[in-house]
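The values are calculated or read from the model by the stated rules, or taken from the named source; none is laboratory data. Predicted model only: the values in this text are computed from it and were never measured. A quick note on method: Cβ atoms are made from the backbone with ideal geometry, for glycine too, and the neighbour counts reach across all protein chains shown.
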């Protein structure tokens, strides 16, 4: 499907009273921290969330993708915390840049951005940089078209290019309370020596929802029960491997991103080979 056609499609939201949060792990932060997983009882109907009337969206209590991502803002340096000990572990540096070189024949327009992220430990060691290409859709939704990072099963190897075709909806224009958003697409891993060649092909699924401070799945210190957070899960299956990253982002009063809790795990043939958890504090 042509990317512009894809960007014009209606976002899908599963709205159901039986959507549930599954509590997996309890960690320390305040009185407790939990890692939520998105679940549900089927797909009881679809509705559109790609609405251009941002004023009405704000009144509905929705979180806007543009505020959550903050594309085009100044570079950010946030403190990284080890949740197992509660002590500082380093910093996370994130920046975004507008991509002036566009390819209209591939449906890429002026809303194309690259986001770069790097973790640097307090001991001076730095993880390889991760980057991702995002496209802003006509209704304000944000799509993931590609990412580049070191492969988990080859940590000493070169960074690999991963392409999402059609582009994966990263955040709908408005993330609505009481809804679980989901999108699925095909992901291909490219040969590091010739990125036009596909070396592996798999499936990527994105799920996004809002929880509040009264939820049993609230992962931060107990406090304001009216506080809110966005939980976003990316599940990728390629061959015998499955990687799942769940990020819980506290929403500040102005709708922008606050503290984050990240849980990342990789399994091969059902056997865990990697598990990382971290807390990233807002500035």
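Observations, loosely collected:
- Test: residue 215 is modelled with pLDDT under 95 and not in a strand (DSSP E or B): yes
- Screening the stretch 35-86 for residues that are loosely packed, with under 15 Cβ neighbours inside 10 Å and assigned to a helix (DSSP H, G or I) and picking the one that is modelled with the lowest pLDDT gives 55.
- Any hit, the stretch 136-156, residues being in contact (Cβ under 8 Å) with a residue 12 or more places away in the chain, out of contact with any strand residue (DSSP E or B) (no Cβ under 8 Å at 6 or more places or on another chain) and more than 22 Å from residue 92 (Cα to Cα): yes
- Residue 272 being in contact (Cβ under 8 Å) with a residue 60 or more places away in the chain and either farther than 23 Å from residue 165 by Cα or part of a loop (DSSP other than H, G, I, E, B) (or both): no
- Matching entry among 254, 183, 194 (being touching a helix residue (DSSP H, G or I) at 6+ places or on another chain (Cβ under 9 Å) and farther than 21 Å from residue 89 by Cβ): 254
- Restricting the stretch 148-203 to residues that are within 16 Å of residue 235 (Cα to Cα) and part of a loop (DSSP other than H, G, I, E, B) leaves a set whose member that is modelled with the highest pLDDT is 151.
- Scoring residue 102 on the criteria (1) out of contact with any strand residue (DSSP E or B) (no Cβ under 8 Å at 6 or more places or on another chain); (2) modelled with pLDDT under 90; (3) surrounded by fewer than 16 Cβ atoms within 10 Å (Cβ to Cβ); (4) over 25 Å from residue 212 (Cβ atoms) leaves a single failure, condition (1).
- Candidate set: the stretch 116-147, residues that are assigned to a loop (DSSP other than H, G, I, E, B) and within 18 Å of the chain's Cα centre (by Cα); chosen: the one nearest to residue 281 (Cα to Cα): 129
- Test: residue 93 is modelled with pLDDT of 95 or more, surrounded by fewer than 16 Cβ atoms within 10 Å (Cβ to Cβ) and assigned to a strand (DSSP E or B): no
- Residue among 277, 267, 235, 245 that alone is surrounded by 15 or more Cβ atoms within 10 Å (Cβ to Cβ) and in contact (Cβ under 8 Å) with a residue 60 or more places away in the chain: 277
- Given (1) closer than 30 Å to residue 251 by Cα; (2) in contact with a strand residue (DSSP E or B) (Cβ under 9 Å, 6 or more places away or on another chain); (3) without any contact (Cβ under 8 Å) to a residue 24 or more places away in the chain, index of the condition residue 214 fails: (2)
- Residue ID - farthest from residue 111 (Cα to Cα), chosen from residues in the stretch 171-193 that are without any contact (Cβ under 8 Å) to a residue 40 or more places away in the chain and surrounded by 15 or more Cβ atoms within 10 Å (Cβ to Cβ): 192
Listed here are the residues, each with its yes/no results for (1) modelled with pLDDT of 95 or more; (2) in contact with a strand residue (DSSP E or B) (Cβ under 9 Å, 6 or more places away or on another chain); (3) closer than 23 Å to residue 60 by Cβ.
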site	(1), (2), (3)
223	no, no, no
227	no, yes, yes
230	yes, yes, yes
254	no, no, yes
261	no, yes, no
270	no, yes, no
273	no, yes, no
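- Those residues of the stretch 154-169 which are in contact with a helix residue (DSSP H, G or I) (Cβ under 8 Å, 6 or more places away or on another chain) and surrounded by 22 or more Cβ atoms within 10 Å (Cβ to Cβ), in sequence order: 167
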